[in-house]
Amino acid sequence: MYQSEVIDIKKETHDTNIYFNKIKGVKEFKFKPGQFVSFMLPLNETNKRKGMRHYSIASSPGGNILEFIINKVEGGLGSIYLFEDTEVGTKIPIKGPLGKFLLPDKIIHDLCMVCTGTGIAPLRSMIKYIYENDIPHKDIYLVFGTKLKKDLLYHEEMLQLEKEHKEFHYKVALSQEEYDGYKGYVHSFYRKIFNGEKHGHFFFCGFKNMILEARDWLLEKGYQRKCIRYELYN
Ligand SMILES: Cc1cc2nc3c(=O)[nH]c(=O)nc-3n(C[C@H](O)[C@H](O)[C@H](O)COP(=O)(O)OP(=O)(O)OC[C@H]3O[C@@H](n4cnc5c(N)ncnc54)[C@H](O)[C@@H]3O)c2cc1C
């Protein structure tokens, strides 16, 4: 268990904050891009969760400050604590790092990353890690799905990355508003590119329904199970 202290909070959208937590007692908090930690929140829960909530690390490894992007779930106990009772200086014990949602040791195929909402967190960590450390890679596709433009996360940053790297492709799928001539879910984007003939390594993060639908389609198209990694948030 580590002690962390919230050192900054930024409002990313109307219902999503970015938290910066400094991990006490270590110069570097070691983790792999894609992993998450468990926040141990004082929620007075009597069930087996006992205030434990998982959050993916949105920053890349290095140093002792971790970045988290957290969505406010209506009526959620953890959300109420993090959005109403947490401020700069609040201490949050954390456990971890945890999880096996990881990049392959060697990136020999295109990476296809698909997320909904704050599911972008572990993917951003992976993408930043690749570019900050010049990790050899092929094309990277990031498809971000949400309802409306006002819900876009790390949008300017992803547009900037796309400008800087010709092999980085950023696509937005809004289900309730048109973006760049398209309105709908994430699926049509990756299906156009990865239809069974092109190799790919797949990373899905966010809502369960989106992920299971994507996984089943890719398996049907002949992609191997070991090339499809996912992290369910709900
Ligand atoms: C590995 C992992 C990593 C995660 N990383 C992140 C992250 O980086 N950012 C982030 O914002 N969340 C993340 N989550 C989700 C997070 O752990 C909590 O589930 C979420 O913050 C809701 O907790 P709560 O205490 O506010 O709601 P709870 O009190 O647990 O739930 C309240 C109600 O909301 C529903 N609910 C729970 N979670 C969601 C949800 N995500 N969306 C919609 N409805 C929900 C429940 O069914 C319940 O009815 C992650 C989950 C996992 C498993």
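When you check LYS128 against the structure, is it at pLDDT 95 or above, buried (at least 16 other Cβ atoms within 10 Å of the Cβ) and assigned to a helix (DSSP H, G or I), yes or no? Spelling it out, LYS128 is indeed at pLDDT 95 or above, buried (at least 16 other Cβ atoms within 10 Å of the Cβ) and assigned to a helix (DSSP H, G or I). Note on the range 1-115: enclosed strands (runs of 3 or more DSSP E) holding 2 or more residues that are open to solvent by 40 Å² or more (accessible area, probe 1.4 Å) and touching a residue at least 60 places away in the same chain (Cβ under 8 Å) are 2-13, 91-98.
Just one of ASP110, ASP85, ASP180 is in contact with an Asp or Glu (Cβ under 6 Å, 6 or more places away or on another chain) and among the acidic types (Asp, Glu); which is it?
On the way: ASP85 fails: in contact with an Asp or Glu (Cβ under 6 Å, 6 or more places away or on another chain); ASP180 fails: in contact with an Asp or Glu (Cβ under 6 Å, 6 or more places away or on another chain).
After ruling out the rest, the residue left standing is ASP110.
Within the range 202-215, the set of residues being assigned to a helix (DSSP H, G or I) and either within 16 Å of LYS192 (Cα to Cα) or of a type in the set (Phe, Trp, Tyr) (or both) comprises GLU213, ALA214, ARG215.
Could you check, for the range 112-120, whether at least one of its residues is closer than 26 Å to ASN209 by Cα and in contact with a His (Cβ under 8 Å, 6 or more places away or on another chain)?
Yes, that holds for at least one residue.
When the residues of the range 157-201 are narrowed to those that are closer than 17 Å to GLY222 by Cα, part of a loop (DSSP other than H, G, I, E, B) and in contact (Cβ under 8 Å) with a residue 24 or more places away in the chain, which ends up nearest to the chain's Cα centre (by Cα)? This residue is GLY200.
Looking at the range 56-96, which of the residues that are among the β-branched types (Val, Ile, Thr) and closer than 13 Å to SER4 by Cβ is nearest to the chain's Cα centre (by Cα)? Show your work before the answer.
Going through the range 56-96, the residues among the β-branched types (Val, Ile, Thr) turn out to be 57, 65, 69-70, 73, 80, 86, 88, 90, 92, 94.
Pick out the ones that are also closer than 13 Å to SER4 by Cβ and you get 57, 65, 86, 88, 90, 92, 94.
Numbers: ILE57: 8, ILE65: 17, THR86: 22, VAL88: 23, THR90: 23, ILE92: 20, ILE94: 18 Å.
For the range 56-96, the residue satisfying everything is ILE57.
Scanning the range 153-209 for residues that are open to solvent by 20 Å² or more (accessible area, probe 1.4 Å) and of a type in the set (A, V, I, L, M) yields LEU159, LEU161, ILE193.
The values are calculated or read from the model by the stated rules, or taken from the named source; none is laboratory data. No experiment lies behind these values; they were computed from the predicted model shown. Ideal geometry is used to build each Cβ from the backbone, glycine not excepted, and the neighbour counts take in all protein chains shown. With ligands, DNA and RNA removed, areas are computed over all heavy atoms of the protein, side chains included. Shrake-Rupley method; radii C 1.70, N 1.55, O 1.52, S 1.80 Å.
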